[in-house]
Structure formats: C-alpha cells, structure tokens
1. The chain: longest stretch without exposed chymotrypsin sites (Phe, Trp or Tyr not before Pro) (DSSP loop, at most 12 other Cβ within 10 Å), sites themselves excluded?
2. First obtain the Kirkwood hydrodynamic radius of region 287-421 from its Cα pairs, then insert it into the Stokes-Einstein equation at 4 °C and 1.567 mPa s, and state the resulting D in µm² per second as a whole number.
3. Carbon and sulfur: what percent of region 159-263's accessible surface (1.4 Å probe)?
4. I'd like the carbon and sulfur percentage of the solvent accessible area for region 310-388, probe radius 1.4 Å, heavy atoms only, ligands and nucleic acids excluded.
5. In nanometres, what is the gap between the two model label sites at THR247 and LYS85, each 7 Å from Cα along Cα-to-Cβ?
6. For region 351-364, what does the Karplus curve 6.51 cos²θ - 1.76 cosθ + 1.60, with θ = phi - 60°, yield as ³J(HN,Hα) per residue in whole Hz, taken in order and with x for Gly and Pro?
7. Less than 11 Å Cβ to Cβ from ALA316, Lys/Arg counted +1 and Asp/Glu -1: what total charge do the surrounding residues give?
8. Check cross-link reach from LYS366 to the lysines: straight Cα distance under 21 Å, and skip same-chain residues fewer than eight apart.
Amino acid sequence: MAHKVRSLLIHKSFQNFTFLFITQISNILISVLSIPLIFKALGTEAFGLVNAAFTIMITMALGISYGYHLSGPREVAIHQDNHQKLSEIFTEIFSSKLILAFISLLLIWGGSFLGAFSRYSDILLFSSVMILAEAFFPLWFMQGVEQVKLLTISNLCGKLLYILSLVFFIQSPSDAVWVNFSFGASALLVNIGLIFYVIKKWKITLFIPKLQALVNSLKENFSLFISSVAGYLTVNGGVIILSFTATDYELGSFGLAERVIRVVRLFPSIMAQAIYPHASRLYQQDRLSFFRFVKKTYAASLLLTLMGSVLLYLLAPYIIYFFAKDPLEDAVLLLRVLSLVPFLATLNIANVLLVLVKSENKLLLKSTFISFVFMLLVATLGAQYYGALGMSIGLLLTELMFFASQTWINYRYIKSDTIALYGRYRTR
C-alpha cells in the first residue's frame, strides 16, 4: 500500500495535476480577492462592461494560441530530448503566435474605431494588452516538458501584481479601463520572463522560420484553432450575446455569476492538461495502460466536480454576498442554475483526450461546430425571451450537446477506441 502511494506521489501526471490544481486554487483565491475589489469600485453596470470586454479578449487570445496549447505539448513531449527539433517547434509556434497577435490587435483597434463596441470601446482598447500576454505565454512548451511547477509560481507572481494594481489604481467607475489592462500587463511581464527562461534552460536556438513552414504549421492547426475559439464561445459567449440585449444591471448580475463559474469550470481543462503528455506517450506505447489510466482519472474527475457543483448550488447566496456585499437575488439564481456547468463539462474529458492523443483534430472540430450552432440558437432565443435566466439554461443544454455530439462522432469515426474507452479493451 505504501509503495502504491509513493508511486502515485512521484508520478509525473500526479505532480502536474497537483501544481495545476495549486494554480487553480490560487486563481480562485485571486478571484476571491479581486472580484470584490472590482465590484465595489465599479458597481454592477461598469463591472458588466468590463466582463464583456474580458470575454472578447479571452476569445481573441484563444485565436492567438491557435490550438497550439493542444498540439504543442504533444510535439514537445515526443521530441523533448532532441534540442534541434525543440528549437524548430519553439520558433515556429512562437513566431506564428506573434503574427496572429499583430493581426488580432489590428482587428480590435479597427473595430473599436469603427464603433463596433461603442458601449465599452475604451475598455476594449486598453484590454488589448491581454493579446500580447497570450502571444508570449509558453504554456504549451512547459506542459510538454512537464515543468508545471514553474508555471504555478509564475502564475502566482502575475496574479499578485494584478491584485496590487487593483488596490492602488482601481477606485471608481472611471477607472474601468484599467482593470483588464492591469490583468494583461501583469501577465505579459511574467510571460516575457518565462520565454527567456525557456530559451536558456532548453538551449533553444531562435531563427527566422521559413514562410512555408509557418503556413504548414497554421494549416495543420486550423481545425484546433476553430475548435478552441468556437468551444470558448460555446461556453462563454453568453456574455457577448447578452451584452446586445440586456440592461447593464442584468449584464452585471450575469457577469458576476459567470465569473465564479468560469473559475470553477477550469477544473476539467486542468485535469486534461495535466494528464495529456503522459496519456499521449501511453497511447503510443501501451494501449491497455492508456485506457486504464484515462478511466481512473475520468471517474475521479466526475466525482470531484459533482461534489463541487452541489457545493456551488448550496453556497450560492453566500458566494454572491461575499463578492458583491449585496444579496443580489438575481445573481444567486443564475449561479445556482449555472452550478451544474463544471460537472457537465467534465463529462467530455475522456472523449476529448482520445481525440487529441490520436491527433483526430477534425473530430473535435465537428462536435464543437455542432455545439456552437446549438448554443447560438438556444442561448440567443433564451436571452431574447427570458433574459439572463434563459441564457443560463441554454448554456447548460449546450454542455450536454457537446458531450452527446462528441460521443456520437467518436463512436462513428474511431469506434474501436471509443468502445474500449467506455467498455473493455480487447487486445488483438
């Protein structure tokens, strides 16, 4: 028994999950500190606008990551002992992200000057520093070499800088433009330091990549790029849709509940990220061990998120009051409806892992597209007729659709592995 416990504690995937979990806890603690500060200084209306701008920036950041946060760790994990290949992978991905960041900045600035976001264009312009922060974020590389501990430390440093900036600079609704700017600037500073560390530690040789290599890299990741952006909008696009129809107060109430859920919903992603490199190697080397590993992890994840969803539902009034210093019954109701999101999102972990380790990126694109269209239809209609409550119910239904569509698509195109994942693996 003691030997099994020791083996678990020293296992790379367990250590990765532990540090990513610590990162998650620190994010929660930072949210516990930051949301009351922001809400108190800005009020419900300005908070809603800041949250809408934040959602748009995160969507743009996903465009810049271009799916490299999914494909990058796999490539780095496979070639981590080959310094020349690592240099090629690093240079191509880093260069691609910088180019995409420049294009995204032009789109945001152009759209703002043309009046596309007239209610919060100033906030959006100052928020664009988050795009640069994403371009310099080497998450994909650090996960591939399984050096998650450093990511945890750097994340904590960046978030502490952010909290300090909120304390000293965010005092009234007129300071709304500085909230997301502080978030992005703090992350950018830390991420630049990480880039220099990676280059020195792994002896990365930077060079000007060939245009054809960049084009090929972008082509290969296109389906993951579309899947990531569409997936994020499927889950978090409600804020953007609601911003066109809801009052500032209703948008603020929904934004508060959604911010809480957004943090907790990171758990399924963290679990997948923690085990992805190890799962990729196991799938190549030992299929039986792969399916056993994924099944155990999947079961534990479902149990933990179910418990978390129940706690969120029961503690919703206290959570909202803690953040807003006001009962805000509308926000409590929305948080209770959305409390099932973490559990429903976890349902799809095993499906997505199977797609990623097999590099069947187009299968993920298919299910994401189906879910995105479903969300646009159901959530938009829900928001139109029932406001934020209709939007929240639509988001729950979308999570179920994502799981159902991915399961069906996996069964249709990679039938034997899907059956092995949910049943018994049979050696041939």
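The values are calculated or read from the model by the stated rules, or taken from the named source; none is laboratory data. The structure displayed is predicted, hence computed values, not measured ones. Glycine gets a Cβ as well: all are built from the backbone with ideal geometry, and neighbour counts include every protein chain shown. Keep in mind that these areas ignore ligands, DNA and RNA; they rest on the heavy atoms of the full protein, side chains included. Shrake-Rupley method; radii C 1.70, N 1.55, O 1.52, S 1.80 Å.
1. Working: sites that count: PHE207, PHE244.
Longest site-free region, per DSSP loop and neighbour criteria: 1-206.
2. Values: Rh = 16.4 Å.
The calculation lands on 79 µm²/s.
3. Numbers: 3600 of 5000 Å².
Carbon and sulfur together cover 72 percent of it.
4. Numbers: 2610 of 3750 Å².
With neighbouring chains kept in place, the figure for region 310-388 is 70 percent.
5. About 6.0 nm separates the two model spin labels.
6. 4, 5, 4, 4, 5, 5, 5, 8, 6, 8, 4, 5, 5, 5
7. Working: positive: ARG336; negative: GLU329.
Within the 11 Å Cβ shell, the charges total 0.
8. The reachable lysines, counting only those whose Cα sits under 21 Å from LYS366, are LYS219, LYS358, LYS415.
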